[in-house]
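Data first, discussion second: the structure below is written as structure tokens.
The values are calculated or read from the model by the stated rules, or taken from the named source; none is laboratory data. Quick caveat: nothing in here was measured; it's all calculated off a predicted structure. Quick reminder, even Gly has a Cβ in these numbers, built from the backbone with ideal geometry, and neighbours come from all protein chains shown. Please note that ligands, DNA and RNA were not included when accessible areas were found on the heavy atoms of the full protein model with its side chains. Shrake-Rupley method; radii C 1.70, N 1.55, O 1.52, S 1.80 Å.
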Amino acid sequence: MDKIVAIIDYGAGNLRSVANAVKKLGYYPTITNDRREILNVGAIILPGVGAAADTLNNLKKLGMTDAISRLIEHGRPVLAICVGLQILFTGTEEGGWHECLGVIPGIVKKLPSGLKSPHMGWNQVKQKISHPIFEGIPDGANFYFVHSFYPEPEDASVVAGTTDYGISICSIVIKGSLVATQFHPEKSGENGLKMYENFLRLN
């Protein structure tokens with residue numbers, strides 16, 4: 001069980017690249033849309049590509065939203081990526097106002113006008129706390145971003161990393177056994193692979 005990692009398939013996401021990263025580290029990825037299956041694995045990864053509202057609707061159709069919220073509440077290791085991070089907040093301004101899962105109080109906002117959107121490419125992540133997720137990763141290491149919206153948590157204590165892009169953006173959230181990144185570790189070379197390794201060791 002501990003070596004099996006469930007990658008949630010809701011019809012979008014970098015499923016194959018995430019699975020390849022997990023496999024490279026010696027774990028056994030299973031791509032699944034079965035809510036029962038995610039209850040019986042060592043760790044869960046929620047990838048994210050696309051719009052938050054579509055992601056939520058697809059997860060609801062699969063009966064996954066309640067399961068994801070319960071797993072986080074019960075302290076199961078969950079890694080959420082990009083849109084996977086954004087849907088954990090109270091709501092998002094993307095495409096008008098949409099209620100999200102409410103696991104993390106706060107709002108997902110559009111990047112301010114005047115900034116190139118989407119924010120696409122490599123950017124530094126400043127580590128705001130000491131945490132095992134950063135083991136072996138230098139402060140200020142570059143990770144790969146692709147997004148037009150960014151999270152703004154109400155509670156600053158969950159902000160584990162920030163990134164400067166005209167404004168200071170929350171780029172990593174940590175709450176208990178939940179780790180959520182605005183960037184894509186699976187597209188971020190050795191530092192991204194190291195972050196996956198550190199997450200899987202948290203289990």
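Annotation: amide H-H contacts under 5 Å for Ile104 (H modelled 1.01 Å from N, sequence separation of 5 or more, or interchain): Phe89, Thr90.
Phi angles across region 165-170 convert, under the Karplus curve 6.51 cos²θ - 1.76 cosθ + 1.60 with θ = phi - 60°, into 3J(HN,Hα) values of 9, x, 10, 8, 9, 5 Hz, Gly and Pro given as x.
Suppose every Lys and Arg Cβ carries +1 and every Asp and Glu Cβ carries -1, with no other charges. What dipole size does the chain come out with about its Cα centre, to the nearest 20 debye?
Details: 19 positive and 19 negative charges, 75 e Å.
For this selection, approximately 360 debye.
Applying the Karplus relation 6.51 cos²θ - 1.76 cosθ + 1.60 with θ = phi - 60° to region 77-89 yields 3J(HN,Hα) values of x, 10, 10, 10, 10, 6, 4, x, 5, 4, 6, 7, 7 Hz, where x marks Gly and Pro.
Which percent of the Cα-Cα distances in region 64-203 go past 17 Å?
On the way: 5505 of 9730 pairs.
So the portion of pairs separated by more than 17 Å is 57 percent.
Taking trypsin sites (Lys or Arg not before Pro) as candidate sites, keep only those in a DSSP loop with at most 15 other Cβ atoms within 10 Å, then name the longest stretch of the chain containing none of them.
Numbers: sites that count: Lys3, Lys116.
Counting only loop sites that pass the neighbour cut-off, the longest clear stretch is 4-115.
Calculated on the Cα set of region 34-85, radius of gyration then Dmax: 10.6, 28 Å. Shape of region 16-103 from the C-alpha gyration tensor: prolate (a/c of 1.5 or more and a/b above b/c, with a ≥ b ≥ c the square roots of its eigenvalues). Residues whose amide H falls under 5 Å from that of Trp122, counting only those 5 or more places apart or on a different chain, are Phe145, with hydrogens built in the peptide plane.
At a probe radius of 1.4 angstrom, the accessible area of the chain per residue rounds to 43 square angstrom. Computed from label points 7 Å out along Cα-Cβ, the spacing between Asp34 and Ser69 is 2.5 nm. Backbone phi angles across region 171-177, fed through the Karplus curve with coefficients 6.51, -1.76 and 1.60 (θ = phi - 60°), yield HN-Hα couplings of 10, 9, 10, 10, 9, x, 8 Hz in residue order; Gly and Pro are listed as x. Computed with a 1.4 Å probe on the full set of protein chains, the accessible area for Phe199 sits at about 0 Å².
What number, in percent, do you get for the relative contact order of the chain if the mean sequence gap of Cα pairs under 8 Å and at least 6 apart is divided by its residue count? Relative contact order here is 19 percent. A straight Cα-to-Cα reach below 20 Å connects Lys24 with the aspartates and glutamates Asp2, Asp9, Glu135, Glu186, Glu190, Glu197, residues fewer than 8 places away in its own chain not being considered.
Let me make sure I get this right: for region 145-203, a, b and c are the square roots of the gyration tensor eigenvalues over alpha carbons, sorted descending. Under 1.5 in a/c it's rounded, otherwise prolate if a/b > b/c, else oblate. Which is it? List each step's numbers first, then the result.
Working: a/c = 2.49, a/b = 1.23, b/c = 2.01.
Cα axes put region 145-203 in the oblate bin.
Using only the Cα atoms of region 1-152, build the gyration tensor, take square roots of its eigenvalues as a ≥ b ≥ c, and label the shape rounded, prolate or oblate: rounded if a/c is under 1.5, else prolate if a/b is larger than b/c, else oblate.
Values: a/c = 1.66, a/b = 1.15, b/c = 1.43.
Oblate, since a/c reaches 1.5 and b/c is not below a/b.
Helical runs assigned H by DSSP (4 residues or longer) give the chain a calculated mean residue ellipticity at 222 nm of -6500 deg cm²/dmol, each run adding -39500 (n - 2.57) before division by the residue total.
Amide H to amide H distances under 5 Å link Ile4 with Tyr28, Gly42, where only residues 5 or more positions off or on other chains count and H is placed in the peptide plane.
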